[in-house]
Amino acid sequence: MNITVSAPGKLMLLGEHAVVYGRPCIVAAVNERLSVTIEEIDEGKIIIDAPQVKDTRFVDAAIKTWGDGRGLRISTKSTFSGKYGLGSSSAVTVATLKALKPSVDNRTLFDAAYRIVFDIQGKGSGFDVAAAVYGGILYFVTGGKIIEQMKIDSLPLVVGYSGVKADTVTLIEQVVQKKKENPQKVERIFDAIAKLVEEAKANMLESDWERVGKLMDFNQEYLRDLGVSSDKLEQLISAAKSAGAYGAKLSGAGGGDCMICLVSEDKRKAVEKVIQEVGGEVVDITANAEGVRVEQ
Ligand code: MEV
């Protein structure tokens, strides 16, 4: 047996942090992929060659789940750099599980991969796992209570990397702390985020990017209130808005990694230019990619 499976990375569009607490978010799979090749070798032997994956515990756990004692050589390749926070842990977990059991249905695959990611990280809503499995643009509620494919042709997106690597678990912890100190305020913020995610869902289906941009701005204000933004992210966000973006926000846990904005095509070049001028790196990715797939 020799099989290669690939899974996409993701970008959080709206609803981060609140989605850890039972609220919805909107996530996009992106056109950067991580692929896993599995070859059966002598029984009992496991060889893992995964230079792009900084933590092989995800691959180990996938083998434990569906490896069935087979001897395996596992190698990975990725078209994206781990530095952007595009979700290489969830992509490698999903791709490895699918390669071990190619006939698995998406729901069973999501549940198994989410269990692995949650056990290792101890936290997380599973939105990244859903993007890797299903692809496209998803309306997603914590733990996969709802996973709904949104029919959207394309998203006028620009992505800027802040140059700072963020640690998701630390940022989730920071919000836990904030919620302990001021539970009512933080619950109100989560409710407000949930409301704007619902509105954005409807607006996205109508391609009303101007309104979705506004909602991104509101979402960013709430994320700032939660204390997860950073000076660098704010710089990139205000530069993008000053060059005419419909709206801009951080994407993911915050503290660093990427910001995203929506732009009209005539403003795209100007927005990309100012992001670079303030020290950001424009990341060349598009949203709405296919979910996990068997390559050969
Ligand atoms: C991190 O990219 C997004 C968070 O909402 C965590 C999660 O949903 O797992 C902060």
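Each reported figure results from applying straightforward, stated rules to the coordinates on display, with no laboratory input. Predicted model, so just to flag it, every value in this text is computed and none were measured. Heads up, the Cβs are rebuilt from the backbone with ideal geometry, glycines too, and the neighbour counts pull from every protein chain shown.
Using Cβ point charges alone (K and R +1, D and E -1), the dipole size of the range 8-63 about the Cα centre works out to roughly 460 debye.
A Cβ-based charge dipole, computed about the Cα centre of the chain with Lys and Arg at +1 and Asp and Glu at -1, lands at about 360 debye.
Rounded, prolate or oblate: pick one for the range 186-263, where a ≥ b ≥ c are the square roots of the eigenvalues of its C-alpha gyration tensor, a/c under 1.5 means rounded, and failing that, prolate if a/b is larger than b/c, else oblate. It is oblate, given that a/c is not under 1.5 and a/b is not larger than b/c. For the chain, what does the alpha-carbon gyration tensor say about shape, rounded, prolate or oblate, given a ≥ b ≥ c as the root eigenvalues, a/c under 1.5 as rounded, and a/b over b/c as prolate? Judged from the Cα gyration tensor, the chain comes out prolate (a/c at least 1.5, a/b above b/c).
Would you please classify the overall shape of the range 106-200 from the alpha carbon gyration tensor, given that a ≥ b ≥ c denote the square roots of the eigenvalues, rounded means a/c under 1.5, and beyond that prolate means a/b larger than b/c while oblate covers the rest?
The shape class here is rounded.
At R0 = 25 Å, how high is the FRET efficiency between residue 185 and residue 234 if r is their beta carbon distance? Nearest 0.05 is fine.
0.75
Each part gets one Cα centre, and for the range 222-242 versus the range 2-75 those centres are 31 Å apart. Helical content of the chain, expressed as a calculated mean residue ellipticity at 222 nm, amounts to -13500 deg cm²/dmol (DSSP H runs of 4 or more residues, -39,500 (n - 2.57) each, divided by residue number, nearest 500).
Annotation: for a label point projected 7 angstrom from Cα along Cα→Cβ of residue 266, residues of the range 148-190 with backbone N closer than 19 Å are 156-158.
Here the dipole of the range 134-199 is about 200 debye; that uses its Cα centre as origin and unit charges on the Cβ of Lys and Arg (positive) and Asp and Glu (negative). Label sites at residue 40 and residue 153, each approximated as a point 7 angstrom past Cα along Cα to Cβ, lie 4.6 nm apart.
Nearest 0.05, what FRET efficiency do residue 108 and residue 273 give at R0 = 35 Å with Cβ-Cβ as r? Computed FRET efficiency for residue 108 and residue 273 comes out at 0.15.
For the range 214-279, the residue among 271, 237, 255 whose Cα projects farthest onto the positive side of the dipole built from Cβ charges is 271.
Take every DSSP beta bridge with both residues inside the chain and express the antiparallel ones as a percent of the total, to the nearest 5.
If I count the DSSP bridges inside the chain, around 90 percent turn out antiparallel.
Listed by Cβ neighbour count within 10 Å, with the fewest neighbours leading, 38, 63, 47 appear as 47, 63, 38.
Here the simple spin-label model places points 7 Å from the Cα toward Cβ, and for residue 77 and residue 2 these points are separated by 1.2 nm.
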